[in-house]
Structures are given as structure tokens and as C-alpha cells.
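Below is one structure; the comments refer to it alone.
The values are calculated or read from the model by the stated rules, or taken from the named source; none is laboratory data. Source: prediction; values computed, not measured. All Cβ positions, glycine included, derive from the backbone under ideal geometry; neighbour counts span all protein chains shown.
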Amino acid sequence: MLKSELIRPRIKIQEDRVSTRPIEANYRYLGVANELVNLFKAHIGQSRGRLHDALRDYEGDSLDYPVMRGLAAVLEARCEFGSAPAIDPAELRTMLFRRGPVTSRQDLFNLVTREQALVETAAETGLSAGEIETALFADLAEEQILLDPGPPIAPGDLIARYNLELARGLLYWAREMRIRVADSYKDLFKYIKLFKLMYTIYPLAQNSDAAAVEPAIKPSGYHVTLHGPISPFVQSTIRYGLQFAKFLPALLLCQQWHMEADVQPPHHPGREPLRYTLTDRSQLRTHFRASGLFDSRLEADFAAEFEEKYGGAKRKWELAREDELIIVGDTVMIPDFSLTHRKDGRRALLEIVGFWHPHYLRRKLEKIRLAGRTDLILLIYESANVAEGAFEAASAGEVLTFSRKPVLKEVLAAVERCAI
């Protein structure tokens, strides 16, 4: 991600709102992006210090230096730098410094020159003077060698990534993030957990202070609040904001979303935070990878068989993948499938339990117990290592077991009984 000094020049404040000023993929910036990509390629095998010198020369006295530095920072983050000195640099410096003060020229008070110290150390280690010179400060960042500039990137893609980094960077100073989302729940909560974000959630079909939404009504989406520091006195730290910034590309994996954040940039003189808004209509592009449609071959085969036997224009039930969340305490459960009656709208949820690691089963049982959903049908693999009757006691609507694959006729019969 970009450093804050590269974000600040691209921030735009209007009354109580704040946003970034992305750059366009026009002739000028496409040219700059292309030249920077080529500059990095030309410095393969050279030190990071030489690369930085070349970037400063390229930048010159251009007024667009924040953009140039930002594009270069994006490219540098993709690079692989390294060094393989013939001897440990710290050990080498100790050997040299033990020889006492050295000078460039020998005189009455300084008997050892730098060249002599290098030659003597080379003889002692069995290396050449050139290898000693190269290894002396090889552990410093500026001396690391550019080994690989990263996968090929087109100028337009570099500009898109830069604009994303600007959008992320404004969240460094965020106190809270509020999200409305209506799809891709699995990926969304995977990254919320990955970045250890605290959150509260409620369905959009209800008011946050209202009672729980009726299970039979599929919510039109969910409102998720990602919380910042608990104490109102914590203002200087950007630790929470960095986590918000890391998370933002995950939100772009969703198709329908809206985000608002309370942001307090350090140069903003007002006391009240500014409102930062992004929506699914933005041109931002994520570099995060979406999960596969199915978590297992068992789920994929179930969906394929259902479509083959009960799909088509005359289908009675509509099968959907992970389209509803069940809020259980301070976490969520995402059932594998839902089945919705095409005429009367009745719904049932399906969860396939085919993985039998004890920790997984314990967590699954606890979530099901807390959910208490009578419209939830569990399909349990017979070889799952769990006590008999454990899932029946977990307050699910029905529990069906299978030895090789779920029997669709039995599943649909259970759906008819449990759907509401």
C-alpha cells in the first residue's frame, strides 16, 4: 500500500465529504506508466539504490511527482529484491573494523589504507577484493539487487492498481466503516476474519433495533459495521485504519455494495470526521481472487445433479448458492444452499456436512445450536466422526444422512416439510 505522503496530495475535501482524485488512463498517464514499467525492467540486476536514483532523475522537476512516485511505489511493491553475498555482511564489517582506523591514503598516523584492509581481509577469507566490496553492505535495503520486477503489467492495469491504492489509503484515517452488501458473503467474511476486524451485522430487511427478521423472508442484503478503536480518545493511531485499507479490495469482489467510512485526515482542521463513500458503480478493480463457486466436489456434484433432475423451465424449487446469512452470536453461518419455491416463495436452507475434523464439527454444532432455525436441513456424511444424535440435538429442522451422496428425493421431501 502507498505511504501516507503519497495519498495526501490526491485527497479532495468538499464540505463534510472526502474522496480521492484518481488519475485517468489518458495518453499522458499511460505514457508515464509505460516508461516506469520499462525503467524497472532496465534495472534488473542492479541495486535498489541505483533504481531510486533513476526514478529521481525521471521525476525531475515535474509537478506530477506525487503520481509518478505513487506509480513507482506500486511497481516496487511487486518486485523481488535480494542479495547473496559471499560472506555475512555483519561478520565482514566486524573483521574490517578490528583492523583499526583506515584512511584513503597512508600517512604518519594512519598506516592502513582502505584498499590494504580490503586486500588483507580478502586474503584471510579466500575471497577477492571485489567480492569483499560487494558484500560489505549487502544487507542494507539500498544495496539489494532487483531480481524480478514481478509479473508483466500493462500501463492501464498499473493505473487501475494505483487508483485502488489511493482509495485504500484514505482509509488509513478511518474510525468506522459501514457496508451494505447483497452477495459474495463467503469471500466478504473470509477477509473480515483474515484482517481481524470487529463487526456487527443485521439484515437490511429490518431496522437495526427491530426484532429478528422472519426466517421465511430472504433479506435483500446485510448491513455490516466494521468498528474502529473502542475508546473515543484513540485518535492518533492508524492501526485500525490500516486494517480497513487492507480489507477494501475484498469488498470489490461483491457485485452489489455500498460503503461509508468516517475519516479524519491529519491535515483536516475540523473536529468532526468527514464522510468517505464508495459504491459498486466505482471504477475500482480488485486484485484479490474470488473463491471458487463450491467448497468441495460433494457440493458441486449435488448442484449438478439437482439441475439435471429438477432444473429446466418446469422446476418447482430454485436452488441458490450461499445467498443468505444466519447471524449466530458474534459470528455468522453461511448455509451451502437455499431452495425457494417458485410459486409461493417458501424457503429452506441446506448445509452439507462432509468434513469430519473434530474441531470443525464442534464449531458447526455450536453454530447450528445458536441459529435454532427450523428451516435448516442438515445433510450429514455417515462417516463423520460425531456422536449419534448430536446434530438432531442442535435444533435444526431435519437431519438426513448419506453414505456416498445425498439422495435428492429425500432432500426435497424434507424441504417440503421444513420450508416456511
When ARG69 is run through (1) under 30 Å from ARG21 (Cβ atoms); (2) in contact with a Phe, Trp or Tyr (Cβ under 9 Å, 6 or more places away or on another chain); (3) surrounded by 16 or more Cβ atoms within 10 Å (Cβ to Cβ), the failure sits at (2)
All conditions in (1) farther than 30 Å from GLY372 by Cβ; (2) buried (at least 18 other Cβ atoms within 10 Å of the Cβ) are true of TRP317 except (1)
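Any residue at all in the stretch 47-66 that's outside the structural domain of ILE11 (by TED's automatic domain parsing), in a helix (DSSP H, G or I) and touching a residue at least 40 places away in the same chain (Cβ under 8 Å)?
Going residue by residue through the stretch 47-66, those that are outside the structural domain of ILE11 (by TED's automatic domain parsing) are none.
Scanning the stretch 47-66 turns up no residue that is outside the structural domain of ILE11 (by TED's automatic domain parsing), in a helix (DSSP H, G or I) and touching a residue at least 40 places away in the same chain (Cβ under 8 Å).
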Restricted to the stretch 119-142 and to residues being in contact with a strand residue (DSSP E or B) (Cβ under 9 Å, 6 or more places away or on another chain) and assigned to a helix (DSSP H, G or I), the residue nearest to GLY82 (Cα to Cα) is ALA141
Notebook entry, point to check: Would it be correct to say that PHE294 is in a helix (DSSP H, G or I) and of a type in the set (A, V, I, L, M, F, W, C)?
Noted result: no
Per the filter on the stretch 246-277, residues in a loop (DSSP other than H, G, I, E, B), within 21 Å of LEU204 (Cα to Cα) and out of contact with any Asp or Glu (no Cβ under 7 Å at 6 or more places or on another chain) are LEU252
Residue pairs qualifying under the 6 Å Cβ cut-off, at least six apart or on distinct chains, with the first in the stretch 110-126 being assigned by TED's automatic domain parsing to the domain that holds PHE97 and at pLDDT 80 or above and the second being surrounded by fewer than 16 Cβ atoms within 10 Å (Cβ to Cβ) and of a type in the set (D, E, K, R), are ALA117/ARG99
Of ARG175, ARG168, ARG180, the only residue that is part of a strand (DSSP E or B), in contact with a Leu (Cβ under 8 Å, 6 or more places away or on another chain) and within 26 Å of TYR276 (Cα to Cα) is ARG180
Would a scan of the stretch 76-84 turn up a residue that is at pLDDT 95 or above and surrounded by 17 or more Cβ atoms within 10 Å (Cβ to Cβ)? yes
